[in-house]
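**Q** Before anything else, here's the structure in question.
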Amino acid sequence: MSDQALPDPTQVEGAPHPAETRRLLGQQAAERAFLDAFSGGRLHHAWMLIGPKGVGKATLAWKIARFLLATPDAEEDGLFGAPPPPETLDIGEDHPVTRRSRAGAEPGLFVLKRGPNDKGDRIAAEIRVDQVRKLKSFFALSSADGGRRVVIVDAADEMNVNAANALLKLLEEPPARTVMLLVCHQPSRLLPTIRSRCRELRLSPLSPDDMKSALDQAGAELSGAGADALAELSGGSVGAAMRVAGLEGLTLYRNLLEVMGTMPDLDRPKALALADSLAQRGREERLDLFFWLADTAMARLARTGVTGQPPGRLAAPEEAALLRRLAPDVVTGRAWAEVAQIAGDRSRHGRAVNVDAASLVLDTVMKMREASARVRA
């Protein structure tokens, strides 16, 4: 299989690529922070864009990249006079940089991402050092025109140790007129020395209104109730919302709640039917989604028990009564938090060693049943 036939690891299936997303919603504070640094002559050579997965970090990275490649630097480029500071990061749709970047033909831009595995038949699980080494050729070729260079790392927390060490050397001695933009979902996974050499841009979960606008922009056709449920389950992450929508996650979540509704006694035939539906060949992504939804459900139960009330917005009509019944107090809330940690660890380990899918689903359900059994009579 050729490299071109492999999926792009930086794109959420069913959603526009970050390079093609026309509007970045809900991240005005991060945009303003970068623009202020640029206008104030404080343009750092490395920026770490952090925040929950799917809130627009990669979209902002591409927006910044286009801005830097299209906006001249008066002092470095020898321009006469002081041009007014830019008021926005937006670059016109007809600008050559916009057209070239979306076509993957911008010579001043390099995207560091996961490449093919050794067999070339699928995308590797990590960014490996051979991908980072390609930067050497990029810097050598792009230095000829003397312009800015921009590197987007998507995602930096996917680098293995060798790749991280190779990138660290570039951060310690950055090439001239180069800006690196590190998209990072879990900063704690990065080397402290990498984090210390980057300036942070923090992005926040989207508000319900921004979430609905972002889903519309991504082409998700949802009713008002469906959009509200997606926004609640995804925690303000468009990427997570698109994944839930694309894999019929709202239906799966309601099916999970139906099984939980029979706890602590547990309707075993219903639980077995759920497990069997997720164990079919080719349903691996939906299986992973189930574990994510189970973890979400337990987190919502833990919060209900600790705070004394369900979340303000619900992901399913029957959810409020179930949350109150299974997490009536702080003790049971803490129990759900403990079980969530245990069940999550067990499911991740089971997936890593290829344990039977149906058995893994039932194991998670039985762990949830253990927590429900602690509810005081």
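**Q** Quick one: helix 161-172 against the long Cα principal axis of the chain, what's the angle to the nearest 10°, folded into 0 to 90?
**A** Helix 161-172 sits roughly 40 degrees off the main axis of the chain.
**Q** Right, here's the next one. Mean residue ellipticity at 222 nm from the helices of the chain, using -39,500 (n - 2.57) per DSSP H segment of n ≥ 4 over the full residue count, to the nearest 500 deg cm²/dmol?
**A** Computed ellipticity for the chain at 222 nm equals -15500 deg cm²/dmol.
**Q** Take the residue pairs LYS119/LYS367; LYS169/LYS212; LYS57/LYS134; LYS136/LYS212 and return only those whose Cα atoms are more than 32 Å apart.
**A** Where the Cα-Cα span goes over 32 Å, the pairs concerned are LYS119/LYS367; LYS169/LYS212; LYS136/LYS212.
**Q** A further question on this structure: Hey, with R₀ at 22 Å, roughly what FRET efficiency would ASN165 and LYS134 work out to, going by the Cβ-Cβ distance, to 0.05?
**A** Efficiency for this residue pair is about 0.90.
**Q** Return, ordered by residue number, the residues of region 296-315 whose backbone nitrogen is under 18 Å from a label point located 7 Å along Cα→Cβ of ARG334.
**A** 299-309
**Q** Another question about this same structure. State in Å² the accessible area per residue of region 176-271; use a 1.4 Å probe, count heavy atoms of protein chains only, and round to the nearest integer.
**A** 45 Å²
**Q** If you take every residue apart from ARG348 with its C-beta less than 11 Å away from the C-beta of ARG348, what net charge results, scoring Lys and Arg +1 and Asp and Glu -1?
**A** Spelling it out: positives minus negatives among the neighbours equals -1.
**Q** What is the local net charge at ALA163, summed over the other residues whose Cβ is closer than 14 Å to its Cβ (Lys, Arg +1; Asp, Glu -1)? Before the final figure, lay out the partial values.
**A** On the way: positive: LYS113, ARG114, ARG128, ARG133, LYS134, LYS136, LYS169, ARG189; negative: GLU126, ASP130, ASP154, ASP157, GLU158.
Computed value for this residue: +3.
**Q** With a point put 7 Å past each Cα toward its Cβ, work out how far ARG374 is from GLU93 in nm, to one decimal.
**A** 5.4 nm
**Q** To the nearest 20 Debye, how big is the dipole of the chain about its Cα centre, given +1 on the beta carbon of each Lys and Arg and -1 on that of each Asp and Glu?
**A** 760 debye
**Q** A follow-up question, please. If you roll a 1.4 Å probe over region 191-333 with all protein chains in place, what percent of the accessible area is carbon or sulfur?
**A** Answer for region 191-333 is 50 percent, counting heavy atoms of protein chains only.
**Q** Using the charge dipole of region 191-347 (Lys, Arg: +1 at Cβ; Asp, Glu: -1 at Cβ; taken about the Cα centre), state which of LEU274, ALA316, LEU289 has its Cα farthest towards the positive end.
**A** LEU289
**Q** Where Lys and Arg each count +1 and Asp and Glu each count -1, what net charge lies around PHE291 among other residues with Cβ under 9 Å from its Cβ? Please list the in-between numbers first.
**A** Working: positive: ARG348, ARG351; negative: ASP288, ASP295.
Result for the neighbourhood of PHE291: 0.
**Q** Compute the longest continuous run of the chain that contains no exposed GluC sites (Glu not before Pro); treat a site as exposed when its DSSP state is not H, G, I, E or B and it has at most 10 other Cβ atoms within 10 Å.
**A** Working: sites that count: GLU75, GLU87, GLU93, GLU221.
Longest site-free region, per DSSP loop and neighbour criteria: 222-377.
**Q** Turning to a different aspect of this structure: Candidates (1) 23.3, 79; (2) 20.3, 66; (3) 22.8, 68; which is the computed Rg and Dmax of the Cα atoms in Å?
**A** (1)
**Q** Expressed as an acute angle from 0 to 90° and rounded to the nearest 10, what is the orientation of the C-alpha long axis of helix 208-217 relative to the principal long axis of the chain?
**A** On a 0 to 90 degree scale, this one is about 70.
**Q** Here is a follow-up. Give me the angle, in degrees from 0 to 90, between the Cα long axis of helix 268-278 and the longest principal axis of the Cα atoms of the chain, rounded to the nearest 10.
**A** It works out to around 20 degrees.
**Q** Mind checking which of PHE139, LEU190, ALA176 is farthest towards the positive end of region 139-190's charge dipole, using Cβ charges of +1 (Lys, Arg) and -1 (Asp, Glu) about the Cα centre?
**A** Checked the options; the winner is ALA176.
**Q** Mind checking the dipole of region 236-377: about its Cα centre, +1 per Lys or Arg Cβ, -1 per Asp or Glu Cβ, Debye to the nearest 20?
**A** Magnitude of the dipole: close to 260 debye.
**Q** List the trypsin sites (Lys or Arg not before Pro) in region 288-377 that DSSP assigns to loop (not H, G, I, E or B) and whose Cβ has at most 10 other Cβ atoms within 10 Å. Which are they?
**A** Those satisfying the criteria are ARG376.
The values are calculated or read from the model by the stated rules, or taken from the named source; none is laboratory data. Given the structure is predicted, the values throughout are model-derived calculations rather than measurements. In this analysis, Cβ positions are derived from the backbone assuming ideal geometry, glycine residues included, and neighbour counts consider all displayed protein chains. For the accessible areas, the whole protein counts, side chains as well, though only heavy atoms, and no ligand, DNA or RNA atoms are used. Shrake-Rupley method; radii C 1.70, N 1.55, O 1.52, S 1.80 Å.
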